[in-house]
1. Once amide H atoms are built 1.01 Å from N in the peptide plane, which residues 5 or more positions from residue 119, or in another chain, come under 5 Å H to H?
2. Please list the non-local residues whose amide H lies under 5 Å from the amide H of residue 200, H modeled 1.01 Å from N, same-chain partners needing a gap of 5 or more.
3. Using the Karplus curve 6.51 cos²θ - 1.76 cosθ + 1.60 with θ = phi - 60°, work out ³J(HN,Hα) for each residue of the range 266-276 in order, rounded to whole Hz, and write x for Gly and Pro.
4. Can you compute 3J(HN,Hα) from phi for each residue in the range 235-240, using the Karplus curve 6.51 cos²θ - 1.76 cosθ + 1.60 with θ = phi - 60°, rounded to whole Hz and x for Gly and Pro?
5. For a quick protection proxy, order the peptides 223-234, 174-185, 77-88, 56-67 by their average other-Cβ count within 10 Å, most packed first.
6. Need the list of aspartates and glutamates near residue 256 for cross-linking: C-alpha distance under 13 angstrom, and skip anything on the same chain fewer than eight residues off.
7. Would you work out the charge dipole size for the range 60-126 about its Cα centre, treating the Cβ of every Lys and Arg as +1 and the Cβ of every Asp and Glu as -1, and quote it to the nearest 20 debye?
8. Can you compute 3J(HN,Hα) from phi for each residue in the range 94-102, using the Karplus curve 6.51 cos²θ - 1.76 cosθ + 1.60 with θ = phi - 60°, rounded to whole Hz and x for Gly and Pro?
Amino acid sequence: MRYHLFYIFVSLVLLVLSIMLSGCCDDCDFPLENFDNKTYATVFEYRELNELFTRYGGGWTGGNGGYSIPLPDGRTLWLFGTSFLDTVYSDRTRPADAKYVRNCFVITDGSDFETLHKGTPEDPLPMIPHEDSSYFYIPLSGQVIGDTLEIICSVCPQQDILYGDNEVKGTEIVRYLLPNFELIDRTPKFISFNFPFGVDIFADSIYTFIFGTESLLFGRGACVARIPNGSFLQTWEFWTYLNWSESSQYLAPINKYISGGYSVIKKDGDYFIITLDNGNSPEISLYKSIRFPTDLKRDKTLFEMDNSYVNIKHGAIILDDKSLDDEIVLLYNSTVGRLYLYGTNADNHTISFLRIRDWK
């Protein structure tokens, strides 16, 4: 009898512990293992968002980009470049003739998921059409001012989606009237060559800083423009080595050899860039500056992932509205070097989410 009561007691204790752990186990909260077994930050899979964006049909099922903008009505807008819009089977393969579109929007509201594009599901067209059919837009960062949505877009010439990298020929500001996404106008900002602006934006009490990447001899460098807080249609000033100038001719990198996609945050008076280092490297790296925008130096590696040419991790987009003081939520892209290598694997062209603690 005594052993029977002891067995019941132990079972109850284990049951209570399991309930307590399940209640506090946010997304099971098991840290991911660094690929090289180094530990610089504590990194978790963001399971809720990863499951939400693992799609099997009914709209967007994979794409690159993923810049997000909180909307005034509580929904979240996600901006994507080239995206697939077709069935994905239970084994995560898609039809060989899957439909794709050059850009589209995704609207989420909790678990609700809606894809916006022009045309029809059978013949989809970009959500942001270019007036000249020989060009298309890649939407990057954006903001909402009142009932107006402003998106910074790279302008790229049409080329075979299966073989070419996107060649940037300019930057335009595209505006929509909310909440129904009625196109207002498209305003050319400046012409550049392989020079995307809008990979991130950051606002302080006076200025909004607009970040880009410029091509260098060996890789890419981070660069920055600024405007007084307000519309992107204002005159931009570009950082040179010495000061700010309205001419992009004297634009200078604030950091060399950085990924094409990165994010900027400010904490405790210091400025930080988080990126997948040196282009398509699996290292999530932290750069720090105490005198922004100068003296931006590599601080440490936060996390290292497995990587291969078959499925390259790139881009590093911080979701400000989901990040906390001691934790950042980071989105990264998975793709391959050329789309003709994608095959039918739906996970060769998608986004994923991480939660990074102890990053500073």
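1. Close amide H contacts, sequence-distant or interchain: 125.
2. 211
3. In residue order, the calculated couplings are 10, 8, 6, x, 9, 9, 10, 10, 10, 8, 8 Hz.
4. For the range 235-240, the Karplus-derived couplings read 5, 8, 10, 10, 7, 9 Hz, x marking Gly and Pro.
5. Details: 223-234: 17.9, 174-185: 14.1, 77-88: 22.7, 56-67: 20.6.
Descending packing order for the listed peptides: 77-88, 56-67, 223-234, 174-185.
6. Within the straight-line limit of under 13 Å, residue 256 reaches these aspartates and glutamates: 214, 277, 295.
7. Details: 6 positive and 9 negative charges, 48 e Å.
Dipole magnitude for the range 60-126 comes out near 220 debye.
8. With the stated coefficients, the range 94-102 comes to 10, x, 5, 9, 4, 6, 9, 9, 5 Hz.
Here, each number is a calculation from the coordinates, and none is a lab measurement. It should be emphasised that the depicted structure is a prediction, and the values quoted were computed from it without experimental measurement. Virtual Cβ from ideal backbone geometry, glycine too; neighbours counted across all protein chains shown.
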